[in-house]
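Notes follow once the structure below has been shown.
Coordinate-derived values only; no laboratory data. Since this is a predicted model, take the numbers as computed values, not measurements. Note that we place each Cβ from the backbone using ideal geometry, even for glycine, and neighbour counts take in every protein chain shown.
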Amino acid sequence: MTRLRAVVRLSRPLLLLFAFLLYTLGAGIARYLGHAQNAAAFWLGLVWVAMLHLSMNLLAEYFRPLTEPLIEAETRVERSALRLACLLVSAAALTCMAVLTVLMLNAGLLTPLVLLFFGLTLLAALAYALPPLRLMNSGFGELALAIFLADLIPALAFLLQTDELHRLLTLAVFSLTCLALAFFIAMDFPAYAADLKRGRRSLLIRLNWQRAVPLHHLLILVAYSIFAAAPFLGFPFSLIWPVFLTLPLAILQILWLRNISLGGRPVWRFMTANAAAIFGLTTYVLALTFWIR
């Protein structure tokens, strides 16, 4: 594997795609509520989020214990070179973020509320990746990452367009946070044995699989229950119904993981792909609905 390909893989491009979708969702909700779209705010904020995501994940890899490999079958020299590449790319991304922040300040886009969420988003990313907190290895990294992706990113996109919060945003992000956390729990299962061997503390290991499986199921059920309750909270069902197109995948995920927990043959690649599809497609159809209405 070339160094460039390794850095791209370590940057977790699937999560970057999710970040783009969630950012677009936040801006789409603002558009649906009648706020005029500020193109400069949208694009500057989107690049800022992308740079933060890139630096967070590469710094997380740079501060990985030296006893843990970054890629399979790496040599000591390759590991040192790859760690240095992660550090340099993350430093460049943080520099780009600083420039973008100055540009947004000069354009008058950073109101006190927006600055507060900028700070919360930055702190969440750094707490996830960097010592001494390094939530990534605390057993709470999945929760921190779910909040970072599904709460803070869409809220930031929304505030850049409106400078105020709205209960429609709250409903959407809380449901998606539940699906994001269920996704991260599912992604922990294939690495469970390796994490135990290397002493890593994922949320799955902190909970143990006997508690993690019902929590995974509960998170999915809570997410869709909130969407189903939307009409009773004053939101038109025409906004929400597209998310139920992914409900069959969610039911399949619950049944599949239950079968594995009862001793069935695990097909991890299918399960993790299905988990990603549930979260990604739900976010996509929800964002699309707000943009086209």
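Within 10 Å, count the other beta carbons around each residue, average over each peptide in 155-161, 40-46, 28-34, and list them highest first.
155-161, 28-34, 40-46
What number comes out for the charge environment of V77, summing +1 per Lys or Arg and -1 per Asp or Glu over other residues with Cβ under 12 Å away?
Its environment carries a net charge of +2.
Sorted by mean Cβ packing within 10 Å, highest first, what order do the peptides 260-266, 14-20 take?
Those peptides, ordered most packed to least, come out 14-20, 260-266.
Projecting each Cα onto the charge dipole of the chain (Lys/Arg +1, Asp/Glu -1 at the beta carbon, about the Cα centre), which of L168, A275, S80 comes out farthest on the positive side?
Going by the Cα projections, it comes out as S80.
At V222 and L133, where each label point lies 7 Å from the Cα along Cα→Cβ, what is the point-to-point distance in nanometres?
According to this spin-label approximation, the distance is 2.1 nm.
How much mean residue ellipticity at 222 nm does the chain get from its helices, if each DSSP H run of length 4 or more adds -39500 (n - 2.57) and you divide by all residues, to the nearest 500 deg cm²/dmol?
Taken over the chain, the calculation gives -24500 deg cm²/dmol.
Normalise the Cα radius of gyration of the range 1-165 by 2.2 N^0.38 Å (N = residues in it) and let me know the number.
Relative to the 2.2 N^0.38 Å estimate, the range 1-165 comes out at 1.09.
Along Cα→Cβ, 7 Å out, is where each label goes; now give me the distance between the ones at L33 and I251 in nm to one decimal.
For the pair L33/I251, the computed spacing is 3.4 nm.
Using a simple charge model, +1 on the beta-carbon of Lys and Arg, -1 on the beta-carbon of Asp and Glu, nothing else, what dipole does the chain show about its Cα centre, in debye to the nearest 20?
For the chain, the charge dipole is close to 700 debye.
Determine the dipole magnitude for the range 167-293: charges of +1 sit on the beta-carbon of Lys and Arg, -1 on that of Asp and Glu, nothing else is charged, the reference point is the Cα centre, and the result goes in debye to the nearest 20.
Dipole of the range 167-293, to the nearest 20 debye: 380 debye.
Using each residue's phi in the range 14-20, evaluate 6.51 cos²θ - 1.76 cosθ + 1.60 at θ = phi - 60° and report the 3J(HN,Hα) Karplus result to the nearest Hz, with x for Gly and Pro.
Rounded to whole hertz, the list is 4, 5, 5, 4, 4, 4, 4.
Taking GluC sites (Glu not before Pro) as candidate sites, keep only those in a DSSP loop with at most 14 other Cβ atoms within 10 Å, then name the longest stretch of the chain containing none of them.
165-293
Taking a point 7 angstrom from the Cα of T67 along the C-beta vector, which residues in the range 195-229 have backbone N less than 15 Å away?
The answer is 195-201.
Would you kindly derive the ³J(HN,Hα) couplings of the range 197-204 from the backbone phi angles with the Karplus curve 6.51 cos²θ - 1.76 cosθ + 1.60 (θ = phi - 60°), listing them in order in whole Hz, with x for Gly and Pro?
Each residue of the range 197-204 in turn: 5, 8, x, 6, 10, 8, 4, 4 Hz.
How would you rank 113-125, 169-181, highest first, on the average number of other Cβ atoms within 10 Å across their residues?
169-181, 113-125
Between L249, A125, I205, whose Cα lies farthest towards the positive end of the dipole of the chain when Lys and Arg beta carbons carry +1 and Asp and Glu beta carbons carry -1, centred on the Cα centre?
I205
In percent, how large is the relative contact order of the chain, given Cα pairs closer than 8 Å and 6 or more residues apart?
24
Nearest 0.05, what FRET efficiency do R3 and A193 give at R0 = 45 Å with Cβ-Cβ as r?
Approximately 0.95, to the nearest 0.05.
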